[in-house]
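Please see the structure below; I have some questions.
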Amino acid sequence: MFIALEEIYRVVAGPEPYAFDTVATLVGIYCILTLGLNTITGIAGQISLGHAAFLGIGAYTSAILTTRHGWDFWPALAAATLVAAGAGALVGLAAIRVREDFLAITTMGVNFVVVAVFLYFPFFGGAFGIGGIPAPRWFGEPLGKPGFSVLVTAGVLVALATNLWLLRSWAGLALLATRDDEDAASAAGVDVRAVKITAFTIGTALAGLAGSVYAHYLTFISAGDFGFPLSITILCMLVLGGIGTNRGAIAGAVILGVAPELARPLADYRMLAYGTLLLVLMRWAPHGLLGDEGLLGRALRRQRR
Amino acid sequence: MIRILEVVGLTKRFAGITALDAVSFTVEEGQILGLFGPNGAGKTTCFHCLSGFAVPDGGRVIFDGREITGREPHAVARAGLARTFQIVKPFRNLTAAENVMVALGHRHYQGRVALLGSWRGRTTRRQALDLLERVGLGREADRKAGVLPLGMLKRLEVARALALEPRLVLLDEPLGGLSHQEMQATSALIAALRSEGLTVILVEHQMRVAMALVDRVVVLDHGALIASGPPERVRSDPKVIEAYLGQDAAMGAF
């Protein structure tokens, strides 16, 4: 299946594209990020404009453990996930005390603070970041490009499975209820505080997992990789695909992950495009393409009549 | 006769206004108590204090012998005290059945079980459908709550409250905005609840229908309790008439 995708990509991308493996791996990481954001914002309805910070927390945790303390990749991956989840739980606690609009600002602030910490504290390598991050080892052999594709795919499957299992669990129903009406949810026996903490913890854990994979794939990370623009990019992907749905999360990540590669000159204007796209979507198509009331669904229904 | 609810000296202030002023009353199990009074009397504030949406500044709320003063709304709901909202609050993106299922999960939300069990089973669906049938919404089970008309949403609120298997239900203006036919149906439903052993506190402005339903009445005005007793006696209490006349003589309810 990858070979077929690779061929399609080669045809569409035109001359001198980035290697398929690179794009595929990055798109996979985007998928894990959008799926995690979907847990927080799509399912539980908690706005989070700082998701990239947790990618960074996972990346730095994994990088530091492997480069300075000799940890193997796999335990570092687990640690990255846990540390990011812990940080997410703290943000979840903050979400309890602030209203929606202030939560947006708070999460934005978290993003900036986290990046600043990475940048200004020498412990994190400062402006130079952390380099020489070792490749993961699988039965002694370092993971090559195809290996990373498998790893990332596994990560996406884990993220997807997490959301699907959450959605069918009572906890998931509680999250959906909280999204629609917190007071009614409380009156129905839902502990809204626990819901907010749970949503953030799960979503940021996934981001942390993605962060570890990201760090070991690029072998070099720096604070600037995890800034607010990336958070907006992830949100834009999720909204384009269809916020609240897992298929939307994946579709959005694929479309906007691949797009800059296909329209290379426009790639420089990426942030302008994403920002504008987000505004346009929120105004005219808030359910995106594949959301429950998404554009594609409505177009298909019109066809049937 | 069990005293299912004891309200003692309940007081609530909002920035200088005393919304509830040392209100005290009791409710016997199996009764329908009418909580009446002109607009702004403090009826909904009273409901908020009873159900945990507002923390009283003074007084106590004792439900089934247990102190629930100031407890969180979800804890009060899980303890068996359910409420509906004056302005309906449906889960708009969920279907009517799913709306009810949220409340059906009240036992599952505590602890680890929440993450393990599934709500998509047949038993849960059966329970939700039964509750919807009871309030006359059986056919709307799979429609999104967001598209249902007000009358149905009011009944959905009741179904959700019943899903908590409560012993006491607070109904906040369940007849508001309903057609005559819908009012009759809802009124019959409330009477049916009583015959099943449920206790109901009813806040209503539709006096003709409400007076026929209730066993006892408690009347608030400007946060103070001005009358309590059987409906026939209260309706002719001069203090009550004056309170309502001052509010809206055109109501002509009495």
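Any read-out appearing in this document is the output of simple, stated calculations on the displayed coordinates, not a laboratory observation. Source: prediction; values computed, not measured. Note that we place each Cβ from the backbone using ideal geometry, even for glycine, and neighbour counts take in every protein chain shown.
Evaluate E = 1/(1 + (r/R0)^6) for B:Ser179 and B:Glu232, where r is the Cβ-Cβ distance and R0 equals 30 Å; express this FRET efficiency to the nearest 0.05.
0.60
Let me ask something else about it. To the nearest 0.05, how large is the calculated FRET efficiency for A:Phe128 and B:Gln110 if R₀ is 41 Å and r is the Cβ-Cβ distance?
So the FRET efficiency works out to roughly 0.25.
Given B:Ile2, B:His74, B:Gly151, which one lies farthest toward the positive end of the charge dipole of chain B, if we put +1 on the Cβ of every Lys and Arg and -1 on the Cβ of every Asp and Glu?
Of the options given, the answer is B:His74.
Right, something else. With each pseudo-label sitting 7 Å past Cα toward Cβ, what's the A:Arg304-B:Asp142 distance in nm, one decimal?
1.2 nm
Rounded, prolate or oblate for chain A? Axes are the square roots of the Cα gyration tensor eigenvalues, ordered a ≥ b ≥ c, and the cut-off for rounded is a/c under 1.5.
Taking the square roots of the gyration eigenvalues as a ≥ b ≥ c, chain A is oblate.
Report the calculated FRET efficiency for A:Trp284 and A:Thr153 (r = Cβ-Cβ distance, R0 = 35 Å), to the nearest 0.05.
0.55
Could you size up the charge dipole of chain A around its Cα centre, putting +1 on the beta carbon of Lys and Arg and -1 on that of Asp and Glu, and report it in debye to the nearest 20?
It works out to roughly 480 debye.
Okay, next question. Suppose a student asked you for the relative contact order of chain A, using Cα pairs under 8 Å spaced at least 6 residues apart; what percent would you report?
31 percent
Per the helix-only calculation at 222 nm, which mean residue ellipticity applies to chain B, given -39500 (n - 2.57) for every DSSP H run of n ≥ 4 and division by its residues, nearest 500 deg cm²/dmol?
Helices in chain B give a 222 nm mean residue ellipticity of -10500 deg cm²/dmol.
Take every residue in peptide B:111-123, count the Cβ atoms of other chains within 10 Å of its Cβ, and give the average of those counts.
Counting Cβ atoms of other protein chains within 10 Å of each residue's Cβ and averaging gives 4.
Say a paramagnetic label sat at a point 7 Å from the Cα of A:Val117, along Cα to Cβ; which residues of the range A:49-79 have their backbone N under 16 Å from it?
Under cut-off, by backbone N: A:50-65.
222 nm [θ] for chain A, helices only, -39500 (n - 2.57) per DSSP H run of 4+, per residue, to 500?
-24000 deg cm²/dmol
Here's a follow-up. Filter the DSSP H helices in chain A by two things, a Kyte-Doolittle mean of at least 0.0 and an axial alpha-carbon span of 15 angstrom or more, and list the hits by number.
Within chain A the helices that satisfy the rule are A:2-13, A:20-37, A:51-68, A:73-97, A:100-120, A:145-168, A:170-180, A:192-218, A:228-241, A:246-262, A:270-284.
Does the range B:129-254 come out rounded, prolate or oblate by the C-alpha gyration tensor, with a ≥ b ≥ c the root eigenvalues, rounded set by a/c under 1.5 and, if not, prolate when a/b is larger than b/c and oblate if not?
Here the range B:129-254 falls in the prolate category.
Ok, one more. Quick check on the protein assembly as shown: what does the Kirkwood estimate of hydrodynamic radius come out to from the alpha carbon pairs, in Å?
By the Kirkwood definition, the hydrodynamic radius is 26.2 Å.
Okay, moving on. In percent, how large is the relative contact order of chain B, given Cα pairs closer than 8 Å and 6 or more residues apart?
Value for chain B: 26 percent.
B:Lys43: which aspartates and glutamates have alpha carbons under 15 Å from its alpha carbon, excluding same-chain residues fewer than 8 sequence positions away?
Hits, sequence-local ones excluded: B:Asp21, B:Asp172, B:Glu173, B:Glu204, B:Asp221.
On to the next question. What distance in nm separates the simple spin-label points at A:Glu100 and B:Ala22, each placed 7 Å from Cα in the Cβ direction?
Label at A:Glu100, label at B:Ala22, 4.2 nm between them.
With the Cα gyration tensor of the range A:159-305 giving a ≥ b ≥ c as the square roots of its eigenvalues, does the rule (a/c under 1.5 for rounded; else a/b larger than b/c for prolate; else oblate) give rounded, prolate or oblate?
Oblate.
Among B:Gly138, B:Ala128, B:Val113, whose Cα sits farthest toward the positive end of the charge dipole of the range B:80-154 (+1 at Cβ of Lys/Arg, -1 at Cβ of Asp/Glu, about the Cα centre)?
B:Val113
To the nearest 20 Debye, how big is the dipole of the range B:1-153 about its Cα centre, given +1 on the beta carbon of each Lys and Arg and -1 on that of each Asp and Glu?
So the dipole magnitude of the range B:1-153 works out to roughly 620 debye.
Express as a percent, rounded to the nearest 5, the fraction of DSSP beta bridges in the protein assembly as shown (both residues included) that run antiparallel.
Within the protein assembly as shown, antiparallel bridges account for around 60 percent of the total.
Any chance you could tell me what percent of the C-alpha pair distances in the range B:171-217 go past 18 Å?
In whole percent, the share of Cα-Cα pairs in the range B:171-217 beyond 18 Å is 18.
With each pseudo-label sitting 7 Å past Cα toward Cβ, what's the B:Glu242-B:His205 distance in nm, one decimal?
That separation, rounded to one decimal, is 2.4 nm.
So, one more: For peptide B:91-100, what's the mean number of Cβ atoms from other chains within 10 Å of each residue's Cβ?
For this peptide, the per-residue mean of nearby foreign Cβ atoms is 4.
Another question about this same structure. Charges at C-beta only: +1 for Lys and Arg, -1 for Asp and Glu. How large is the resulting dipole of the protein assembly as shown about its Cα centre, in Debye rounded to 20?
The dipole of the protein assembly as shown has a size of about 720 debye.
Of A:Leu295, B:Leu193, A:Trp170, which is farthest along the charge dipole of the protein assembly as shown in the positive direction, counting Lys and Arg as +1 and Asp and Glu as -1 at C-beta?
Working it through, the farthest residue towards the positive pole turns out to be A:Leu295.
Just flag the trypsin sites (Lys or Arg not before Pro) in the range A:46-119 sitting in loop per DSSP whose Cβ has no more than 11 other Cβ atoms within 10 Å.
A:Arg99
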